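Single-structure report; data block below.
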Amino acid sequence: PKPVIVLGPTYPIRNLKTMENCSELNQPIPMKGHTVLIDTSCFRSGLIVPHEGKHVWDPYHVKLPHLYPASQQKSRAPLSRWDATCEALHKLTKGSFSIGDIQTAIMSYNSSNKDRWTFDAFHYYGQRVHAMDNNLHMVIPKMVKLALELPALIKRPIPLLRQQQTQGITMTQQQISCLLANAFFCTFPHRNDTSPGSEYANYPTINFSSLFDSRSDPVKAALQAEKLRAIFHYFNTVTNENPHQDPAAKPDGLVTFERICIPPSQLPNWTNQKESLRNLHISSDGSIENEGTGMLQVDFASKYIGGGVLKSGLVQEEILFLMSPELIVARLFTEKLADNECLKITGPQMYSITSGYSKGFSWVGPYKDQVKRDTWKRRYRQIVAIDALDFKNPKEQYTKENIKRELNKAYVGFHGYPKTAIATGNWGCGAFKGDPKLKALIQLMAAAVADRDLAYFTFGNEHLAYEVQRMHEILSQNRVTVDKLYKLLKDYSGHYAREHNSPKDLYRFIREKIGHKESLL
Ligand code: AR6
């Protein structure tokens, strides 16, 4: 019989570095390639004043709805597009209205989509869910007001974070809420067509029309209605004008979005990295979003940031974006991620508690965020979006090229400051069909080169937690450095190609290669 192996306790999570115990924070924000949408000197003296600039309508900046050029309007239109938007939305602030009225308002300035958009999920919300939350009559008029404040709140162009450029944007939570209110009412021009070759084909969608539409599928409609609960709760909080009587005060901090791009010549040479593996906390309990707070929290992203959050998608990334809807605004300006890029978001707030996963998802209630803030009033919360490869055929993941691609992608995400621990898990191993045993090693290697410890949450899988912890211990005891492990993965790649019908288990292959005797542990 095989010896029973008892592992020692995993590395304690309390010993991992979080933002609260990092001295590198609180640096000044304005850096090269960084756009701040407020006046930073006013902010330092406690005032929030939009940074003034000259608006532009060009391929390098977000096309804001109030800047829609008259020259692009249909010649017979009596009002400018923005005036028509204001007029339609204003109707929702006077007296009672139905969801049909909201639909009519939105369609009035989106008439070219009248045969494409349906609002069945929104109607489902109205019929089945609204009775529980009963807030639309309160929140919709406040959302209209917020959306129409756009010209007063955003006074300089918002750059598009385009491929192969390291660039950042910092804005207030109020500015984000205003942009998201516009997204809700589908006011962003040029953003409804993402067919190949169209102007924004390389960008995620931002207008919320797809969230209202479940294509007559009642299961999807019910789930999208749960998403709408999270969204309305968010808007309720950000429009709450009564902070002293209500603990859920309107947020007044900043959030930073950074696209980080590492040129191929500056990526690690994996055959030559002498680092040892770092500390690993691994557990089948806990989640990245909760237990990982203050660490660098990995978003198992789509290359189109936010993935299916505005449609029916409901796995890790989408749920994260529903708990923290400020993340959704990244879809407005983040071009699809290339292999050597990631998006880092510093300071988003958590608004909702949710439960369940995928088809079992539901909105539970408000989350009172008590995470401390830095001098820029950004929450000590940092998310990094890295998109794994989507293995339609899981056998492809063991090729040398794909292993290297995933190593580089993880490294791009993990590299940089502050050197907090990384909170992650089965990145790329659900919708994208990766092998968690391989992805765990890839992430451990990238973390070692990026000089960070790792907290790994296996999402209830005890056996996986055991296997990865044991492999980590064996590798550490045998002083297997990153370059040696890379060589082992390449050997496995060869083995897999030769024996693809009955390949060895990856961890068994590694144990045998390093001459590790099972009984010694
Ligand atoms: N904490 C820890 N582990 C988790 C959590 C969590 N909160 N949620 C899920 N897991 P998946 P992918 C585990 O499928 O394969 C989205 O549409 C769980 O074991 O979300 O990288 C994106 O937009 C799960 O099976 O990530 C992309 O398009 C595994 O992590 C696409 O999915 C993977 O979660 C990314 O797919």
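The values are calculated or read from the model by the stated rules, or taken from the named source; none is laboratory data. The structure presented is a predicted model; accordingly, all values stated were derived computationally and were not measured. Every residue, glycine as well, gets a Cβ built from its backbone with ideal geometry; the counts of neighbours run over all protein chains shown.
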note = Pairing a residue in region 35-61 that is assigned to a strand (DSSP E or B) with any residue that is loosely packed, with under 11 Cβ neighbours inside 10 Å and small (Gly, Ala, Ser), where Cβ atoms lie under 8 Å and the two sit 6 or more apart in sequence or on different chains, gives Pro50/Ala152
key: Single unsatisfied condition, Glu335 versus (1) over 26 Å from Lys419 (Cα atoms); (2) buried (at least 24 other Cβ atoms within 10 Å of the Cβ); (3) acidic (Asp, Glu)   = (2)
key: Selected residue (only one of Lys368, Lys311, Lys359 is surrounded by fewer than 24 Cβ atoms within 10 Å (Cβ to Cβ), within 11 Å of the ligand (Cβ to nearest atom), not polar (S, T, N, Q) and not in a strand (DSSP E or B))   = Lys311
key: Residues of region 212-228 that turn out to be crowded, with 23+ Cβ neighbours inside 10 Å, of a type in the set (D, E, K, R) and farther than 18 Å from Phe185 by Cβ, as a count   = 0
key: Filter result for the condition that a residue is part of a helix (DSSP H, G or I), more than 30 Å from Val49 (Cα to Cα) and out of contact with any helix residue (DSSP H, G or I) (no Cβ under 8 Å at 6 or more places or on another chain), over Ser265, Ser287   = Ser265
Residues located in region 454-470, provided they are touching a residue at least 40 places away in the same chain (Cβ under 8 Å) and either away from the ligand (no atom under 11 Å from the Cβ) or more than 25 Å from Val412 (Cα to Cα) (or both) = Leu454, Gly460, Asn461, Glu462, Leu464, Ala465, Tyr466, Glu467, Val468, Gln469, Arg470
ask   = Is it fair to say Thr375 is in contact (Cβ under 8 Å) with a residue 60 or more places away in the chain, more than 9 Å from the ligand (Cβ to nearest atom) and farther than 30 Å from Leu267 by Cα?
value = yes
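Being among the small types (Gly, Ala, Ser) and away from the ligand (no atom under 11 Å from the Cβ) is the filter here, so list the residues in region 425-453 that pass it.
Ala440, Ala446, Ala447, Ala448, Ala450
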Which listed residue, of Ala447, Ala440, is touching a residue at least 40 places away in the same chain (Cβ under 8 Å), hydrophobic (A, V, I, L, M, F, W, C) and crowded, with 18+ Cβ neighbours inside 10 Å = Ala447
message = Please go through (1) within 12 Å of the ligand (Cβ to nearest atom); (2) within 20 Å of Val482 (Cβ to Cβ) for Gly413 and return the number of the only condition it doesn't satisfy.
response = (1)
note = Taking region 318-356 and the residues there that are in contact with a helix residue (DSSP H, G or I) (Cβ under 9 Å, 6 or more places away or on another chain) and acidic (Asp, Glu), the one that is nearest to the ligand (Cβ to nearest atom) would be Glu318
ask   = Which pairs do you get when a residue that is closer than 14 Å to Cys186 by Cβ, found in region 78-89, comes within reach of a residue that is buried (at least 18 other Cβ atoms within 10 Å of the Cβ) and β-branched (Val, Ile, Thr), reach meaning Cβ atoms under 7 angstrom, with the pair 6+ apart or on two chains?
value = Thr85/Thr187; Leu89/Val144
Test: Leu146 is under 17 Å from the mean Cα position of the chain (by Cα) and either crowded, with 21+ Cβ neighbours inside 10 Å or assigned to a helix (DSSP H, G or I) (or both) = no
query = If you go through region 132-169, how many residues are modelled with pLDDT of 95 or more, over 30 Å from Pro263 (Cα atoms) and of a type in the set (D, E, K, R)?
reply = 4
request  = Within region 343-356, work out how many residues are touching a Ser or Thr at 6+ places or on another chain (Cβ under 9 Å), of a type in the set (A, V, I, L, M, F, W, C) and in a strand (DSSP E or B).
outcome  = 2
task = Considering every residue within region 229-244, establish whether at least one is at pLDDT below 95 and more than 23 Å from Lys368 (Cβ to Cβ).
result = no
task = For region 481-496, state whether one or more residues are within 28 Å of the chain's Cα centre (by Cα), polar (S, T, N, Q), more than 16 Å from the ligand (Cβ to nearest atom) and more than 22 Å from Ser358 (Cβ to Cβ).
result = no
